1. What dipole magnitude, in Debye to the nearest 20, does segment B:2-143 give about its Cα centre under +1 on Lys/Arg Cβ and -1 on Asp/Glu Cβ?
2. If you take the Cα atoms of segment A:108-151, find Rg, then find the Kirkwood Rh from the mean of 1/r over all pairs, what is Rg/Rh?
3. Eigenvalues of the Cα gyration tensor times 5, then square-rooted: what semi-axes does that give for segment B:7-90, in whole angstrom, largest first?
4. Kirkwood Rh and Cα-based Rg: tell me the resulting Rg over Rh for segment A:1-150, rounded to two decimals.
5. Stokes-Einstein D for segment A:271-363 at 10 °C, 1.306 mPa s, Kirkwood Rh over Cα pairs, in µm²/s?
6. Let me know the volume per residue of the alpha-carbon convex hull for segment A:156-308, in Å³.
7. When ligands, DNA and RNA are left out and all protein chains stay put, how many square angstrom of accessible area per residue does segment A:53-308 have with a 1.4 Å probe?
8. Just to compare against my own numbers: the Cα pair-distance distribution for segment A:335-400, 5 Å bins, whole % per bin, please.
Amino acid sequence: MGQVKTEAWNGPGEALDVARVREDFPILGESVHGKPLVYLDNAATAQKPRSVIERVARYYETENSNIHRGVHRLSEQATRAYEDARGAVRRFVNAAQDREIVFVRGATEAINLVARCYGGANLEAGDEVVISAMEHHSNIVPWQIICQEKGAILRVIPIDDRGDVVMERYHRLLGPRTRIVALPHVSNALGTVNPVKEMIADAHRQGIPVLVDGAQGAPHAAVDVRDLDCDFYAFSSHKMYGPTGVGVLYGKAALLEAMPPYQGGGDMILTVSFEATEYNALPYKFEAGTPNIAGVIGMGAAVEYLTGLGIEAVSAHEDRVLAYAVERLAGVSGLRFVGTPARRASLVSFVFGDVHAHDIGTILDQEGIAVRTGHHCAMPVMDRFGVPATVRASFACYNTEAEVDVLAEGLEKVRRLFDGV
Amino acid sequence: MSDLRDLYQELILDHNRKPRNFGPLADANRSARGVNPLCGDKVAVHLHVEDGRVTGVSFEGTGCAISIASASVMTESLKERSCDDARELFERFHRMVAADDGAGSAEAGMGKLAAFAGVRDYPARVKCATLAWHTLRAALDGEDKAVSTE
Ligand SMILES: Cc1ncc(COP(=O)(O)O)c(C=O)c1O
């Protein structure tokens, strides 16, 4: 296995004091099978800092009440905390207005919302939706469903052997029937950082809006939705140190305004009679029913935590650990990377001899190492690379080079157990 | 801490390296496919059944060491058993790996299949060990749609 070149995504930043960062995460003190936990499954979900855990507890202990409904003190407090979180998230992605930040259950729901409401209103038979060959299932299936319903066609940008989109094929796919493009900022299976800004500009030249699946983007680098000029940006709180069950759809106000609501219910209306209903303003039009209030407030705390560390510093630290992992693992004989993209973020995906990823996962688990093994909800990517499954190690702000060494040593244990490799 | 050698016994590693009865079965009259959507393991089980007895059996597929070895050992332990016997063996195998009736007693009289008893300490791997068996049952039942471990 030769050296794999990785370019830092964000360039150098201020150094992170990792030892101090680790102390913020109570779970990192746990042991697994008698070994210190080495948590390398951050692309699935990240661990939570104490500040987030305590913020959620404080909400339940001192503020719990429904929002946007009561005139009583608790409800006012909870409403303010909820809306403050919206403001924090808006600043985090540099959106122009709070009303462009819609709270949903996660990236999956955000994409479903756009497919259903934007796709539902704008797709006709023969129209086209463009996605890439490296999507997570959540950026495939919602589009498949709406395309099927409308008689529209799903077009897929191919990827090359390194795991980069083939730009020239992308350009050829954009055409007069293309109604929307949906792309991952960062691939969860390969780690590819897509040139989304350039791809968005390409689509916009033909008047086509672009949704960016930012589930793996937002946790790892500064996202500026206005600089990207994306029309929609979808991401999940739990992958960026916040609670599960909450996420965000950023959408340009003009597009969100023109879309029909997603679900009907309380909070999303102004007036209701049996004859007609007048919908509420943004973002409430898309937030029917009692939302995940604790989750949203926790997400706000997570954003504050990340901002406090400095997202550039986090990014630079992760790039350093990643570069070390690429170099260290390239030296493990029998290991083959799946995906060697020009620019990658925060994760490596690999196979090891002919040992199945699942067996590797079980053996590493005995060493206290948590990695993801399987198809990573990206079966078309596995097919593209001709493997049934890979092992994925993904990094966060608290991971260290020493943990990469533990992983590499764990692989030697796999080799011993499976006689060679 | 359980020892990995209890899970990855030599017999299992050996059947994974050299699966027995692997490939299509020329005179198969029952077949079924199984998938484990969680990890993408796929297996097909082919049977030749005559007068209520399994007279021929083979399997094909891809998967982890546990699922391949389990399929391989299963094919060896099925030949010349009656269909009812085969079903009964599945029940016993399932009880053993899922530890339904407590650890220890279930592997008695299981022969080579007892090598899979260690799986009960790894709940996430029970489906790997039983995929081929679920598929077998579908083949015996004459179901031709793919079975899933989910
Ligand atoms: C690239 C990508 N998109 C979307 C999702 C879906 O996120 P969630 O399950 O939080 O809705 C994930 C999660 O694994 C992902 O990695």
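1. Working: 18 positive and 21 negative charges, 74 e Å.
With only Lys, Arg, Asp and Glu charged at Cβ, the dipole is about 360 debye.
2. Working: Rg = 9.8 Å, Rh = 10.4 Å.
We get a ratio of 0.94 for segment A:108-151.
3. On the way: eigenvalues 94, 41, 28 Å².
Working from the Cα gyration tensor, I get semi-axes of 22, 14, 12 Å.
4. Values: Rg = 21.4 Å, Rh = 20.3 Å.
That ratio is 1.05, to two decimals.
5. Numbers: Rh = 18.3 Å.
Estimated via Stokes-Einstein, D reaches 87 µm²/s.
6. Values: hull volume 20.8 nm³, N = 153.
Per residue, the Cα convex hull of segment A:156-308 comes to 136 Å³.
7. On the way: 10040 Å² over 256 residues.
Roughly 39 Å² per residue, with all protein chains present.
8. Calculated over all Cα pairs of segment A:335-400, the distribution is 4, 16, 27, 27, 17, 8, 2 percent.
The values are calculated or read from the model by the stated rules, or taken from the named source; none is laboratory data. All values reported here derive from a predicted model rather than from experimental measurement. Don't worry about glycine lacking a Cβ; one is built from the backbone with ideal geometry, like all the others, and counts go over all protein chains shown. To get the accessible areas, we keep the full protein, side chains included, count just its heavy atoms, and leave off ligands, DNA and RNA. Shrake-Rupley method; radii C 1.70, N 1.55, O 1.52, S 1.80 Å.
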